[in-house]
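Structure first, then comments.
The values are calculated or read from the model by the stated rules, or taken from the named source; none is laboratory data. No experiment lies behind these values; they were computed from the predicted model shown. When we count neighbours, we look across all protein chains shown, and the Cβ atoms used for this are built from the backbone with ideal geometry, even at glycine.
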Amino acid sequence: DTGVSQDPRHKITKRGQNVTFRCDPISEHNRLYWYRQTLGQGPEFLTYFQNEAQLEKSRLLSDRFSAERPKGSFSTLEIQRTEQGDSAMYLCASSLEGYRGRGYTFGSGTRLTVV
Amino acid sequence: AQSVTQLGSHVSVSEGALVLLRCNYSSSVPPYLFWYVQYPNQGLQLLLKYTTGATLVKGINGFEAEFKKSETSFHLTKPSAHMSDAAEYFCAVTLHTGNQFYFGTGTSLTVIP
């Protein structure tokens, strides 16, 4: 069990550029979640996958955001035409279906700074 | 709808003193409750959880929390603070039928030597 891995750890981008983040969940976990955490706030739900299916999306996930989990393993989160308000920590978490009471396992996050 | 409120965005305690971090929840059905800890530039680590059964739950690093339905609270305590406890603490709620967690705004714990 190598935990949840996120790449990159830090990303600085100019406003208007596209960025893509990757998350590798714990291998046996079939659920994968994306959360966004801004300074001084708790994580806010963005979206989650069960296997390769994206089952729920938050209203926070504007049309500039897209997430995929093509083979039910790793996931990518892409932000197009980044804005300064997108600056945040993007956290990925995974869990096993039916074991919700165990909570999530979080990755270390990708910190995005839009300049 | 579910939500949590963490009272006190900053708490300072002396090393060796009692730690008390407050969390109140709102849920229309029995909730699952969690406390997570976050160190700078890190993800969140699960401290402890309440799902069903015993209302006093023990977690890692000497922390414990008590689920009080009548008070809709799930406060986190530790008898004696260590310097290594300095971090951000988040309370979270979910439903046994739900898929997303709702986090509080966090409490930053400072431990004074």
On the basis of being more than 13 Å from every other protein chain (Cβ to nearest Cβ), buried (at least 20 other Cβ atoms within 10 Å of the Cβ) and under 11 Å from the mean Cα position of the chain (by Cα), does B:Leu47 make the cut?
no
Selection count where residues are surrounded by fewer than 19 Cβ atoms within 10 Å (Cβ to Cβ) and closer than 14 Å to A:Ser94 by Cα, scope region A:1-28
9
Select from region B:80-113 the residues that are hydroxyl-bearing (Ser, Thr, Tyr) and facing chain A (nearest Cβ under 8 Å) and write down the one among them that is nearest to A:Ser95 (Cα to Cα).
B:Thr94
Flagged pairs (Cβ under 9 angstrom, 6 or more apart or on separate chains; first in region B:1-15, within 26 Å of B:Ser28 (Cβ to Cβ); second modelled with pLDDT under 95 and loosely packed, with under 13 Cβ neighbours inside 10 Å) are B:Ala1/B:Ser28; B:Gln2/B:Ser28; B:Gln2/B:Val29
Looking only at region B:57-78, count every residue that is of a type outside the set (Asp, Glu), surrounded by fewer than 16 Cβ atoms within 10 Å (Cβ to Cβ) and either part of a strand (DSSP E or B) or at pLDDT 95 or above (or both) and tell me the total.
4
Would you mind telling me which numbered condition in (1) surrounded by 21 or more Cβ atoms within 10 Å (Cβ to Cβ); (2) more than 10 Å from chain B (Cβ to nearest Cβ) A:Cys92 fails?
(2)
Check off (1) at the interface with chain B (Cβ under 8 Å from one of its Cβ atoms); (2) surrounded by 14 or more Cβ atoms within 10 Å (Cβ to Cβ) for A:Leu55 and give me the number that stays unchecked.
(2)
